[in-house]
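Have a look at the structure below, then the notes.
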Amino acid sequence: MSRNVDHDAVPQGAMPALSRGVRPSRRALLVALGVMPLAGCLETGSNFRAQAGAEQLSQDPTLHVITTRKLVRDGMQSPFFDSSRSNQLSYARATLQAPDGSVFGQINALVTTPFAVKRVVPVTGPAAVTFAESLRGRDSLLFVHGYNQTFEAASQDATQLSNGIGFAGSTALFSWPSKGGLLDYGYDRESALLARDPLSDVLSSLLQDEFGARTHLVAHSMGTLVTLEALRIYRDRYGDKGLDRVGAIVLAAPDVDADVFRAALDKLGAWRSRMTVITATNDRALDLSRRLAGGERAGALPREALEGAGVRVIDATEFASGLIRHDVFVANADVRAAIKRAIERS
């Protein structure tokens, strides 16, 4: 049984939970790092409620998708969205296959993702505005994925995180055109930079909707670059307007140059008080990113390196066990508990 941990730091001496199974899109990365994929289990919480009366993902298996990817055919079958860059933001609702509640299904869920996308239904109208209107009345968890992620892989992370912390409210994914390949780091980084203005537009619609609830942002890996840039653009345009609509901002394993990361934080002023940064000095994926991009990655820094930056820091090094050690934010029960508490306290 996992312990609740303070969201400012992961406690010492805790036993890390087993990491989850590896998706096919990451097998190449595992080979490059000289490790073998192992299956693990994912514990889930059930008593967290972001807003009274809101439903958890298991009761409302819908993923709200706002994306700069191109829709494949009509969205009725995988891959739904591909890696092509669209010059227009689009909004869609993904219907999810809920976990199998049978004994066999519960055993199988130990090594597979609890939710899978069944179909995607595009929604007409101005994407950012329509997206914000669809989220009215309930707090929202908006996930921004990282490098080397297909749409399906990003959906899995978003739903595993939401389900894993028992989030009660709307679950949403901002998906930008990652190619989902180990050798496509350059393409992914350019796609991430192209996505910063669209995400800023999404934030503008969410945070300035007079009928909107609060939004909690969780960004992973290269998605933290998209998020930091979008927040900077938003603040340049609107200052601190809408800050009261922001809950937690969690930046997990930031795949951002350490100097760029610190400079970005300096420009965000009061927004930093909402931020929790999750780092791990033994993150193998960020070590590879360092070699590909040059420069230390912010997500691989020890906690003390970010002291004085005005953000909360979780050093999850001892929890990042096995495999590539990059998905501790969703794979480890103690770190998920810290994210849950960050959201509760915001």
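All of the numbers you see were taken from the coordinates with simple rules; none came from a lab. Since we're looking at a predicted model, the values are computed, not measured. All Cβ positions, even for glycine, are placed from backbone atoms using ideal geometry, and neighbour counts span all protein chains on display.
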Using a simple spin-label model with points 7 Å from Cα along the Cα→Cβ vector, what separation in nm is obtained for Met76 and Glu190?
3.5 nm
The FRET efficiency for Val121 and Asp244, from their Cβ-Cβ distance with R0 = 25 Å and rounded to 0.05, is 0.20
Förster-model FRET efficiency, 35 Å R0, Arg291 and Asp236, C-beta, rounded to 0.05:
0.60
Neighbour-count ranking for Tyr147, Tyr187, Tyr234 (other C-beta within 10 angstrom, fewest to most) reads Tyr187, Tyr234, Tyr147
Cβ-derived FRET efficiency at R0 45 Å, Val260 paired with Thr95, nearest 0.05:
0.75
Distance from the range 219-263 to the range 115-138 (C-alpha centre basis), Å:
22 Å
If packing is taken as the mean number of other Cβ atoms within 10 Å per residue, what is the order of 66-73, 205-212, 119-126, 253-260, highest first?
253-260, 66-73, 205-212, 119-126
